[in-house]
């Protein structure tokens with residue numbers, strides 16, 4: 001087998017990233033001198049480049065964009081850093097209720113609506129950071145507690161802290177923001193061994209009416225699966 | 001992309017909005033858990049920002065460029081971690097996944113495109129689609145695949161080339177009208 005024949009066999013592996021580094025480099029040197037192998041690679045390239053397009057689209061994690069942009073802005077040396085990006089519109093658009101999830105949501109809203117004694121404590125003025133106490137909605141977790149910190153006017157979201165929450169046997173906790181009749185999914189979170197956890201809410205809270213927490217499957221849900229275990233009325 | 005090359009972080013944000021989902025999806029398809037996939041996606045986009053001057057429109061779409069960088073980063077992560085016994089189809093990851101909902105016409109078109117590519121992959125002879133999957137999504141080298149499948153390296157390379165040839169034919173039309 002000539003050197004060319006041997007190299008030609010590498011075209012597929014080269015495009016798939018399956019050559020070891022020395023072979024990859026040797027093949028690229030060969031490509032520079034071999035129009036036939038270059039033509040083979042260019043003919044097959046569209047097929048290799050189509051492979052990632054076979055992947056089922058997933059929603060990227062909500063926190064990824066803000067941390068990425070923060071790093072990029074730092075690198076760009078922006079003197080005045082723009083406000084952290086929010087995923088609000090993306091998340092809102094993402095909420096499509098199936099009949100089953102709509103039913104669950106309706107039950108969820110009813111459960112929230114009838115919950116009495118929200119025990120909200122506003123600790124400071126309108127334009128200052130506020131901390132609001134959460135109400136425990138589930139009898140199963142009488143020792144749980146939570147608070148929601150909202151910086152300034154709430155347009156940049158807030159931070160929900162909880163304690164005394166048991167780890168769900170399967171799944172995670174997920175936060176939700178209610179605005180009128182809409183319930184907007186927020187990030188999932190887990191609690192430590194002591195039942196303490198926290199989650200940053202990217203949603204604009206300035207005109208939200210409540211923040212809630214439910215137990216959900218890992219990866220989160222697009223609509224609440226059950227009644228909230230904790231809630232904060234805004 | 002021209003604005004990104006001039007250093008516009010706002011334009012870069014739009015690139016992320018447009019391609020971040022596909023990038024994360026590819027990383028999560030290749031890597032053992034969500035956390036690693038997030039790290040790799042972030043590393044890849046930072047690398048895209050840093051190497052933005054190197055993008056050449058004549059060599060392919062922004063999407064292809066972004067996904068190529070994500071793929072390389074994911075392979076680096078796999079080979080760095082050595083732990084290659086993560087079978088992506090394992091139940092561990094599957095229930096964590098949340099399908100991106102169809103948000104726009106573009107998203108709907110991408111779902112359709114994904115189905116078409118998967119159909120074309122499934123139409124390949126099993127021995128060819130297997131080596132393509134192991135190499136591209138599994139990040140395995142040809143010699144690792146040869147060991148795994150107990151076959152000569154030459155056979156593995158041949159199946160990779162033949163598989164890509166057939167896939168190309170199966171995708172006729174789709175590859176020429178790649179979505180932006």
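All of the numbers you see were taken from the coordinates with simple rules; none came from a lab. What you are looking at is a predicted structure, and each value in this text was computed from that prediction instead of being measured. As a convention, Cβ positions derive from the backbone with ideal geometry for all residues, glycine included, and neighbour counts pool all protein chains shown.
Report the FRET efficiency, 1/(1 + (r/R0)^6), for residue A:25 and residue A:190, where r is their Cβ-Cβ distance and R0 is 56 Å, rounded to 0.05. The partial results should precede the final answer.
Working: r = 44 Å, r/R0 = 0.79.
Given R0 = 56 Å and the Cβ-Cβ separation, E is 0.80.
How big is the equivalent ellipsoid of segment B:23-70 along its three axes, where each semi-axis is √(5λ) from the Cα gyration tensor, reported in whole Å from largest to smallest?
Numbers: eigenvalues 95, 27, 5 Å².
They are 22, 12, 5 Å, listed from largest to smallest.
Per residue of B:9-16, count partner chain C-beta atoms within 10 Å of its C-beta, then hand back the mean as an integer.
Average per residue, whole number: 4.
Give the average, rounded to an integer, of partner chain Cβ atoms located within 10 angstrom of each Cβ in B:156-169. Kindly include the intermediate steps, with their values, before the conclusion.
Working: counts 4, 11, 3, 2, 11, 11, 1, 5, 15, 6, 1, 7, 7, 1.
Whole-number average of other-chain Cβ neighbours for B:156-169 is 6.
Between residue B:107 and residue B:8, what is 0.36 nm times their sequence separation minus the Cα-Cα distance? Round to one decimal in nm. Numbers along the way, then the final one.
On the way: separation 99, 0.36 × 99 = 35.64 nm, distance 2.51 nm.
Fully extending the segment from residue B:107 to residue B:8 adds 33.1 nm.
Most exposed first by the Cβ proxy, i.e. fewest other Cβ within 10 Å, how do B:142, A:143 rank? Before the final figure, lay out each step's value.
Details: B:142 27, A:143 10.
Starting with the residue having the fewest Cβ neighbours, the order is A:143, B:142.
I need the per residue convex hull volume for segment A:179-234, using only the alpha carbons, in cubic angstrom as a whole number. Kindly include the intermediate steps, with their values, before the conclusion.
Working: hull volume 5.3 nm³, N = 56.
Cα convex hull per residue, to the nearest whole number: 95 Å³.
Would you mind putting A:210-216, A:165-171, B:149-155, A:131-137 in packing order, based on average other-beta-carbon counts within 10 Å, highest first?
Details: A:210-216: 25.7, A:165-171: 14.9, B:149-155: 12.6, A:131-137: 20.4.
Listed from highest to lowest mean packing, they are A:210-216, A:131-137, A:165-171, B:149-155.
Between residue B:53 and residue A:5, what FRET efficiency follows from the Cβ-Cβ distance if R0 is 35 Å, with the result rounded to 0.05? Mind dumping the intermediate values first?
Working: r = 38 Å, r/R0 = 1.09.
Calculated value: 0.35.
Please quote Rg/Rh for segment A:3-54 to two decimal places, taking the Kirkwood radius as Rh and restricting both calculations to Cα atoms. Numbers along the way, then the final one.
Values: Rg = 10.8 Å, Rh = 11.2 Å.
Using only Cα positions, Rg/Rh for segment A:3-54 is 0.97.
Assuming 0.36 nm per residue, please report the length gained on full extension of the stretch residue B:149 to residue B:33 beyond their Cα-Cα distance.
On the way: separation 116, 0.36 × 116 = 41.76 nm, distance 2.50 nm.
The span from residue B:149 to residue B:33 would gain 39.3 nm if fully extended.
Taking each residue in B:131-142, count the Cβ atoms of any other chain within 10 Å of its Cβ, then average. What number comes out? Walk me through the intermediate numbers first.
Working: counts 4, 7, 3, 2, 9, 8, 5, 1, 3, 3, 9, 10.
Partner Cβ neighbours, averaged per residue: 5.
Given the peptides A:196-208, B:107-119, arrange them by the average over their residues of other C-beta atoms within 10 Å, most packed first. Don't jump to the answer; show the numbers that get you there.
Values: A:196-208: 19.5, B:107-119: 15.5.
Output ranking for A:196-208, B:107-119: A:196-208, B:107-119.
On full extension of the chain, what length is gained from residue A:75 through residue A:143, given 0.36 nm per residue of separation minus the C-alpha to C-alpha distance? Don't skip to the end; give the middle numbers.
Details: separation 68, 0.36 × 68 = 24.48 nm, distance 4.50 nm.
Using 0.36 nm per residue and subtracting the Cα-Cα distance, I get 20.0 nm.
Return the whole-Å distance between the Cα centroid of segment B:133-154 and the Cα centroid of segment A:23-73.
Each part reduced to its Cα centre gives a spacing of 19 Å.
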